[in-house]
Structures are given as structure tokens and as C-alpha cells.
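Student: First the structure, then my questions, so here it is.
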Amino acid sequence: MLKTLIFGFLLGIVGTVAAAWYVPVVDQYRESSIISVAPNGGNTESFRINIPTDRIMMGAPMQAEPLPPGLRWPTEELFDGVRVELFKVRNTRETVIGIASRMVADSDAIEDSVEWVLHLPARGTFYVTMPAQPADDVRRVGSLRAGTREFRPMQGEVSERWVPNTDDDDPEAPDGHIEIVTSFVGTFSDDMTETALTEGAL
Amino acid sequence: MIRYVAGLLSGILLGVFAAATLLYLNPLASRNPLSPLSVTNNEILSVGYSAVPTDSIVYTNDGESRIKPHPEKVRELWEAPIRRSEVLVTVVTDSRNNPAGIGIKFSSDSEKSRVINGEALVDSAWHIHLVERGSLFVEQTENHWNFLRQIVLPAYWSSANHWKGLWNGNMTVGPGALGTAAVSGGTGEFAGLESEAVEAINASAYSVSQGPVAMDGRLTIDVTGDVELTAVDVTER
């Protein structure tokens, strides 16, 4: 009887330790990436944000109808030139795969800019800065400043453009969508490759 | 026969309990080493924020967690790929606690979390805009193990479902080799900056029903050689 108890005790310890070692505590849900190879090298990927359905927050001074309702934007004059938006991000199959922030700063002290951070939990995060003026009245093009995990060894450009909805037949259709297109090329320095391999990005 | 089965099951339960206690009390996992930036002679930029969701501009998560989104009607992150994520949009302050800009923090549970190593890891990224100065991106891995062990669990065990005390801890454990976050400058005076940072939490009250009740966070960012410090930054030094 005592031997059985001791055997069970040891089995319990070993089982718990093995479970703590092998069973993942977190398993992020993954959607397959939809990436295409660009003709001049690198790869491109498109993301979309349906407006208004994917907009989580719009922070700006003196809004008549704040989003979300009840939002209190800081009243200090300091924040008059800052506009922050938060969105859900979809892939081209219209599945939500991440979250994004878009920050616009209008200031006399520094150059006006538009910034994006796209956070894709299963893949990583990347940070993009764009000039305030669109390159061709339609598309604003900026550069990748930093990336984490899958996006760490990357460099390249990101563009944003507003695509209005032209389907008047569907009353449920969004007003339009923001299209974000990334065009990234991997930078394979020894350090980068080693880091990416360690993190499982390659 | 039944006696032996009962003995085996009792033994297994005792073993599971003993192993769980060992993991919980693991002294090797409770280290909270000194941040390399707290002993540096480099120039430091300090950015603070309130980590209490109701103090924020917007806080959202899957809507089913212990901590409720704020404001109440904000869209929740219920879709499967973002369900284990949360976003905090908040006013960030300088070292004198004056408003200095807006910070957005994205956090997602990390698949590298390992209970046996005392690692409850969170991958997070800060998008910070300091008004009239510029923008920064801070990437980090945080370890919430000590926070969970020393604040959240004691709150659950308390008869009042509440924890009160004084707790200071560095949350950042990577990706830098010395347990520092990676900083990339974006615009303004921070353009081109590549540096390191550490995020620390200062908690004094936690409730099971509301989450953090009194809790502040502070990012300490090394800006040596790249950024001209303001009088407030210098005061912090």
C-alpha cells in the first residue's frame, strides 16, 4: 500500500513536470499568410481595413460623436495636433488577423507624418512611417522602420490608400476600405539570420 | 484492489500538488534582476503611464477576461487570431508626471511561455508619440510570472479578493541579451535612433474583479548620443 502511494506520488510529480515542459501554455491561432513574390524580388502582402466596421477607436480633439462612445480624449492643448486611430486588420480573405494603430501628428516643431504599427499576434509587429503628403494623390508610401519576429529581418516599403465602396446594391457593405500593401525584402546578414533562426522566423 | 487504486490516485494527487508547489515556490524563477539601464551613465528618457485600464483612453481585450474593456462600448478583440491580445491607448507622461504624448501598447501572450521555467511571457510593442518631439517604437518580451505570483494569486487567495502592498518589478526580459527592449526611433528628434529600454511596474493595489486598481508603469529609454534631452529628462537623471 505504502509502495503504491509512493509510486503514485512520484508519478504525479513526473507527470506534472512533464506536462509543464511539453504542453504549450499558449497556442496562438494562425491564419495562412497570403504572400506573393514580387517580380523585382522580395514579397508583397495586402491587408485591408473595412471602414467603419473595423475601426475600434478614433481619437481626435473635439469630436461630436467619439468612437467608441464614452471615449475621453485628453483636453490639453498639447494634443490638438495628434490623431490616433485603432483598427482590426484583415487579410485578403477578409479574415481578421491583427490590430493596427495609425497616428497622425501635425506639429510646427517636427515634420508632419503618418505612422502605422501593425500587430499580428501569431507573426510579429512592424512599424512604418510615411510622409503626410500622398505620393500620387492616391497612395501614401512609407518605409519599414522596425519589425519583430517574422518581420525583424525585413526592409522595404508600405503603402496605404483609401478604396471607396462602389457596390451600391449591398446596403450592408462598408463605406470602403483602407488598403495596406507591404513590399518587403529580407536582409540576410549573419546576425539577422542567426536571430531569426533562433526565433523560428525562418 | 480498490485500496491500491485509491492509494495510487492519492499518491498522484499528492505528487501533482507537490510539483505545483515546487513550481510556484521555485526560487530560481523569482529573480528580479537589476535593470542594466538603472546603473548606466547613459542619457535616459523616462516615460510614465497609468496601468489602470479605467485611467486609459481606450483599453480592449477579448471581452471575457477579468479586466473589462474601457470605455464599456469599445469593440472587443473576440476573433480567434487576436483573442489572446490586448491594446492600451493612454496618455504618457514625462518624469514630472506632466502629459507628454500618447502611447499605444499592443500585448499578446507568447508561445514561448513555459511554466516550468517561471516564464509567463507576453510579446508587446509600444507605439509612442511625444508631442513636438517625435515618435518611437519599443519592442519587448515581458515576463509576468512574478507579477502573477506575488500580486494576482495572493489577490485570489485573499478573503477580500484584493491585494494591497508595494511591488516594484521590471517586466522586460528581452529581446536584448541583458533583458532589455529594442527601441527604434521613427520621427522628429528620435528619427534613426536604435537603442534599448526597460519597462517597470509599480503596483500598490489589485482587485480580482477589476484588475489593477493602483498601478503605474514607466519606460526607461536609453537615448545616448542620438537625442537632445529636455530639462525634464535631465531632472530624471
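Computed from the coordinates by the stated procedures, all read-outs in this text should not be read as laboratory data. Remember, predicted model here, so these are calculated numbers, not experimental data. FYI the Cβ positions are ideal-geometry reconstructions off the backbone, even for glycines, and counts take in every protein chain you see.
Student: Counting other C-beta atoms within 10 Å, which of B:S195, B:S107, B:S209 has the fewest, and how do the rest follow?
Tutor: Ranking B:S195, B:S107, B:S209 by Cβ neighbours within 10 Å, fewest first, gives B:S209, B:S107, B:S195.
Student: Okay, moving on. To two decimal places, what compactness ratio does chain A give when its Cα radius of gyration is scaled by 2.2 N^0.38 Å?
Tutor: Against the empirical 2.2 N^0.38 Å value, I get 1.38 for chain A.
Student: With a 10 Å Cβ neighbour count serving as the proxy for reagent exposure, in which order, fewest first, do A:F7, B:F137 appear?
Tutor: In order of increasing Cβ crowding within 10 Å: A:F7, B:F137.
Student: Between segment A:1-78 and segment B:62-137, what is the C-alpha centre distance in whole Å?
Tutor: 11 Å
Student: Lysines within cross-link reach of B:K105: Cα-Cα under 29 Å, excluding same-chain residues under 8 positions apart?
Tutor: Within reach: A:K88, B:K68, B:K73, B:K164.
Student: Compute the normalised compactness of segment B:39-236: alpha-carbon radius of gyration over 2.2 N^0.38 Å, N being the residue count.
Tutor: Compactness ratio reported: 1.02.
Student: Specify the angular offset, from 0 to 90 degrees and rounded to the nearest 10, of the alpha carbon long axis of helix B:2-25 from the longest principal axis of the alpha carbons in chain B.
Tutor: 20 degrees
Student: Right, next: Measure nothing but the geometry: give the 0 to 90° angle between the long axis through the Cα atoms of A:2-22 and the longest principal axis through the Cα atoms of chain A, rounded to 10°.
Tutor: Approximately 20 degrees, to the nearest ten.
Student: Could I ask something else about it? Mind checking the dipole of the protein assembly as shown: about its Cα centre, +1 per Lys or Arg Cβ, -1 per Asp or Glu Cβ, Debye to the nearest 20?
Tutor: 2480 debye
Student: If eta is 0.692 mPa s and T is 37 °C, what Stokes-Einstein diffusion coefficient results for the protein assembly as shown, Kirkwood Rh from Cα pairs, in µm²/s?
Tutor: 140 µm²/s
Student: Could you work out which residue, out of A:P68, A:P131, A:P24, moves most in a Gaussian network model of chain A, that is, has the largest mean-square fluctuation with Cα springs under 10 Å?
Tutor: A:P24
Student: Could I ask something else about it? Given only helices, namely DSSP H runs of n ≥ 4 each adding -39500 (n - 2.57), what is the per-residue ellipticity at 222 nm of chain B, to the nearest 500 deg cm²/dmol?
Tutor: When only DSSP H runs of four or more count, the value is -4500 deg cm²/dmol.
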